[in-house]
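Report on the structure given below.
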Amino acid sequence: MRRLWSAERRVTPEREAAYAAAWAQLAHAAAAAGRRAWRFRSAEDPQRFVEFVETSAPGDPWADAALAAARAALDDLAPARWKAWTEA
């Protein structure tokens, strides 16, 4: 069964370069762990992003140390609340 985690965050312009670098780390860690990660920017508010991490592997994806560290780096830059979803 596929599972998905989503987060929405606001990133100020002065933090956008650091956010992009942190997101690249998360995407790389996700791919290395066999997961998918992607993000979108709001068409109405360019400071708002929505992010997704998807897996079909069992267990907690955040148990992977590199993925958890990348998530923490993102949350330090611009806090977000992650929500878990399961395939319907």
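Here are a few things to note about the model shown:
- Filtered residues of region 42-88 (kept if of a type outside the set (Ser, Thr, Tyr), farther than 25 Å from Thr12 by Cβ and part of a strand (DSSP E or B)): Glu54, Ala84, Trp85
- Evaluation of Ser56 against (1) out of contact with any helix residue (DSSP H, G or I) (no Cβ under 8 Å at 6 or more places or on another chain); (2) of a type in the set (Gly, Ala, Ser); (3) touching a residue at least 60 places away in the same chain (Cβ under 8 Å) (one fails), failing number: (3)
- Selected residue [of a type in the set (A, V, I, L, M), out of contact with any Ser or Thr (no Cβ under 9 Å at 6 or more places or on another chain) and in contact (Cβ under 8 Å) with a residue 12 or more places away in the chain] from Ala18, Ala84: Ala18
- Criterion applied to Ala37, Ala31 was being at pLDDT 95 or above and surrounded by fewer than 15 Cβ atoms within 10 Å (Cβ to Cβ), and the one residue passing it is Ala31.
- Any hit, region 30-41, residues being part of a loop (DSSP other than H, G, I, E, B) and within 14 Å of Trp85 (Cα to Cα): no
- Once region 61-85 is narrowed to residues that are surrounded by fewer than 12 Cβ atoms within 10 Å (Cβ to Cβ) and among the charged types (D, E, K, R), the residue that is nearest to Trp23 (Cα to Cα) is Asp76.
- Test: residue in region 14-25 that is surrounded by 12 or more Cβ atoms within 10 Å (Cβ to Cβ), in a loop (DSSP other than H, G, I, E, B), modelled with pLDDT of 95 or more and out of contact with any Phe, Trp or Tyr (no Cβ under 8 Å at 6 or more places or on another chain): no
- Region 9-40, residues that are out of contact with any Lys or Arg (no Cβ under 7 Å at 6 or more places or on another chain) and among the charged types (D, E, K, R): Arg9, Glu14, Arg15, Glu16, Arg35, Arg36, Arg39
- Flag if Leu4 is part of a helix (DSSP H, G or I) and either surrounded by 14 or more Cβ atoms within 10 Å (Cβ to Cβ) or without any contact (Cβ under 8 Å) to a residue 40 or more places away in the chain (or both): no
- Checking the stated criteria, Val11 turns out not to satisfy the condition of being surrounded by fewer than 17 Cβ atoms within 10 Å (Cβ to Cβ) and at pLDDT 95 or above.
The values are calculated or read from the model by the stated rules, or taken from the named source; none is laboratory data. Keep in mind that this is a model prediction, so the values were computed, not measured. Virtual Cβ from ideal backbone geometry, glycine too; neighbours counted across all protein chains shown.
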